[in-house]
């Protein structure tokens with residue numbers, strides 16, 4: 001069974017190098033946040049350049065972590081080679097971007113259709129609309145996450161569009177994520193919340209140092225999440241596919 005404890009331990013297995021990488025990634029998030037807050041929501045062209053570059057780097061970062069954990073690599077986090085991160089991020093965006101956009105569009109279309117149906121029969125309320133949105137988004141999110149995991153196996157574009165495997169394992173993937181979210185929230189409450197409480201007592205919040213810490217913590221959360229997804233990938237898709245091959249002989 002996928003373990004958040006293993007994901008957390010693997011995220012810092014490189015020791016000082018891991019913390020340095022999180023510090024650098026946190027700097028990217030801090031730059032975006034600082035530019036956004038200083039411009040008070042009036043987003044400049046420079047902001048979008050930095051934001052898009054950061055998104056591509058983050059995607060490359062997550063994909064490499066997922067593949068490294070799944071392949072039991074000695075190193076979980078990517079190297080300091082920013083060009084390798086950009087390359088993997090761009091490839092991942094080209095591979096996964098279309099399926100994400102299509103599923104987002106279909107999710108919105110499906111949710112609107114279901115809401116209109118309930119409105120026609122007089123069974124609509126704010127609570128019903130929220131429940132419909134959550135359920136529909138969960139279904140289409142499962143498609144996107146499964147495509148992400150399939151692509152992360154070999155970094156082959158065609159793998160992300162294996163409809164047979166996506167429909168076969170999407171429910172298992174989303175259930176694993178539902179169990180993961182409260183576990184990660186609890187870990188953040190203990191680790192991130194504890195450090196934030198100390199900052200609050202000593203300096204008050206928000207302050208630039210604490211904000212930078214939150215950005216670093218976000219980078220760490222990405223690594224933990226990517227590592228956990230790799231475990232889910234191995235224990236669902238890989239395991240069941242191997243079992244099916246063995247049974248077919």
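Every number here is computed from the coordinates shown, using simple stated rules; none is lab data. Source: prediction; values computed, not measured. Note that we place each Cβ from the backbone using ideal geometry, even for glycine, and neighbour counts take in every protein chain shown.
Descriptive notes on the structure:
- Structure-based [θ]222 nm, the chain - -39500 (n - 2.57) summed over DSSP H runs of at least 4, per residue, nearest 500: -28500 deg cm²/dmol
- FRET E, pair residue 167, residue 5, Förster distance 30 Å, beta-carbon r, rounded to 0.05: 0.45
- Taking every C-alpha pair closer than 8 Å and separated by at least 6 residues, the mean separation divided by the residue count of the stretch 37-123 gives a relative contact order of 27 percent.
- Based on alpha-carbon atoms, the Kirkwood radius and the radius of gyration of the stretch 123-249 give Rg/Rh equal to 1.11.
- Gaussian network model of the chain, Cα within-10 Å springs - most flexible of 143, 117, 80: 117
- When the Gaussian network model of the chain links Cα atoms closer than 10 Å, the mean-square fluctuations of 218, 83, 29 top out at 83.
- Classification of the stretch 12-121 by its C-alpha gyration tensor yields an oblate form. The axis ratio a/c (a ≥ b ≥ c) is 1.5 or more, and b/c is at least a/b.
- Stokes-Einstein D (µm²/s) once Rh is taken as the Kirkwood radius of the stretch 4-242 over alpha-carbon pairs, at 4 °C in 1.567 mPa s: 66
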